[in-house]
Each structure stands twice: as structure tokens, then as C-alpha cells.
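No value in this document is a laboratory result; all are computed from the given coordinates. What you are looking at is a predicted structure, and each value in this text was computed from that prediction instead of being measured. Reconstructed Cβ throughout: ideal geometry from the backbone, glycine too, with neighbour counts over all protein chains shown.
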Amino acid sequence: MEYWTPYLDFGFLAFSAPGLLLTLIGSTVLGIALLRRRAASRFGAWLLALALPLTLVLTGLIGHLSGGLVGLDLAWIVLGAWLGRGIAPDAGKPENGVPSPRAEEP
């Protein structure tokens, strides 16, 4: 029995490829926004910002898409650990002259 069928190619092109492309573009945009606002771990934000090119390069080097997604996996691990520690780098600093609500809490 053969594992490969033409339906697998169609399913990947119709569903997985657009979803993966949307994920990579969205992750890149989120990473850029996190970097600009300094709202998260710099390393995790850089990994997200470089998600699209990093995935393309790693997939080419490793030869399989699962290896190419290692950078994106690492980005979410770093950001999850950062959130788990509860560190907020700019908490309480005024933004545009207006203090954040967190700074006023006792």
C-alpha cells in the first residue's frame, strides 16, 4: 500500500501552504511590533521578526520543513518563558507623557 496519493499534494497546496505562509507573515509582523514597542524579550521578538527568512534558510539547509520551523518554535519557547517569569520591561514608564495604569496601582 502506497502512502503518497495526489490528494496529499492538493491538501498541502490548498490548506497547509497558505496557513503556513499566513503564520510566518503574521509572526514576522508581530516580531517587528514587539521590537518597536519593546514589549517582550528582545531575543524572542527577533526570532519572530526573522521567522519568514529564518524558516526559508533553515528549510533549505536541513532539507525538511520541520527543521525550518525550529526558529519559530524557539521564539515561542523564549517568549513563553519570559511571560512565565512575569517580567515587564517597560511597566510603569510613561508613554507619550501619560503614565500607564499599572504604574498607578498600589
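Normalising by the residue count of segment 26-87, find the relative contact order in percent from Cα pairs under 8 Å and 6+ residues apart. Mind showing how you got there, number by number?
Values: 71 pairs, mean separation 19.7, N = 62.
Taking the mean separation of contacting Cα pairs over the length of segment 26-87, I get 32 percent.
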Taking one equal scatterer on every alpha-carbon of segment 1-41, how large is log10 of I(q)/I(0) by Debye at q = 0.16, 0.34 1/Å? -0.56, -1.00
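Sort segment 26-87 into rounded, prolate or oblate with this rule: let a ≥ b ≥ c be the square roots of the eigenvalues of the Cα gyration tensor; rounded if a/c is under 1.5, and if a/c is not under 1.5, prolate when a/b is larger than b/c, oblate otherwise. Before the final figure, lay out each step's value.
Details: a/c = 3.50, a/b = 1.77, b/c = 1.98.
Cα axes put segment 26-87 in the oblate bin.
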Does anything in segment 30-45 have its amide N under 11 Å from the 7 Å Cα→Cβ label point of A81, and if so which residues? 44
